[in-house]
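The values are calculated or read from the model by the stated rules, or taken from the named source; none is laboratory data. None of these values were measured; they are calculated from a predicted model. Because the Cβ atoms are built from the backbone with ideal geometry, glycine has one as well, and the counts that use them run over all protein chains shown. Remember, those area values only see protein heavy atoms, side chains included, never the ligands or the DNA or RNA. Shrake-Rupley method; radii C 1.70, N 1.55, O 1.52, S 1.80 Å.
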Amino acid sequence: MKVFRFMSMNEFKKYQIGDTLSNDKKHYDYGQKTESIGFCFMDCDDYYPEYAYEFLSGIVSDDVCVVFEVDESLLTKSKGTYTAPLIDDDVSWFSTMDIDEYCCQSYNKNAFKLIKYCFNVCWDTFNWIGETE
């Protein structure tokens, strides 16, 4: 399965050198409306990163966006509630949407194969490095 994640440059560098990244944060305990624990990912079949950034901006780091290939069995499917992007029809400032997301408490480059990435995510510019689709 192809998934993507927005992350800090520090996390990306640790991934690149082969560290196993760990995170057991229960996001709900910090006021976020998600069931996810640890690292959060989204399925590329559900959303394009460029679209997801519309509702994740302000929540995620915009240093790097990475697309991975991973065995779905390594991820836990969960749900999250986000503000609906104003680019959608019939959406107001107070509209929300429930989405599927995937999480895990640790990952590394052995299990998560890097497909492509981009730096300095911006509303209208994702300059991908790696495989193009």
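Worth pointing out:
- Test result for Phe4, modelled with pLDDT of 95 or more, in contact with a helix residue (DSSP H, G or I) (Cβ under 6 Å, 6 or more places away or on another chain) and not polar (S, T, N, Q): yes
- Identity of the residue in region 39-61, surrounded by 18 or more Cβ atoms within 10 Å (Cβ to Cβ) and not in a strand (DSSP E or B), that ends up modelled with the lowest pLDDT: Phe55
- Restricting region 17-36 to residues that are of a type in the set (Ser, Thr, Tyr) and open to solvent by 50 Å² or more (accessible area, probe 1.4 Å), the residue that is modelled with the lowest pLDDT: Tyr30
- Top-ranked residue in region 96-133 [being loosely packed, with under 12 Cβ neighbours inside 10 Å, in a loop (DSSP other than H, G, I, E, B) and out of contact with any strand residue (DSSP E or B) (no Cβ under 6 Å at 6 or more places or on another chain); ranked as modelled with the highest pLDDT]: Asn110
- Filtered by the rule that a residue be modelled with pLDDT of 95 or more and over 13 Å from Phe4 (Cβ atoms), region 62-71 gives a lone residue, Asp71.
- Meets criteria (open to solvent by less than 70 Å² (accessible area, probe 1.4 Å) and charged (D, E, K, R)) for Asp71: no
Let's see how each residue does on (1) among the hydroxyl-bearing types (Ser, Thr, Tyr); (2) under 13 Å from the mean Cα position of the chain (by Cα); (3) farther than 18 Å from Asp98 by Cβ:
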position: Cys40; (1), (2), (3): no, yes, no
position: Asp43; (1), (2), (3): no, yes, no
position: Tyr47; (1), (2), (3): yes, yes, no
position: Tyr51; (1), (2), (3): yes, yes, no
position: Val66; (1), (2), (3): no, yes, yes
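- Lys14 satisfies every condition listed in (1) in contact with a helix residue (DSSP H, G or I) (Cβ under 9 Å, 6 or more places away or on another chain); (2) open to solvent by 60 Å² or more (accessible area, probe 1.4 Å); (3) free of Cβ contacts under 8 Å to residues at least 60 places away in the same chain except (1).
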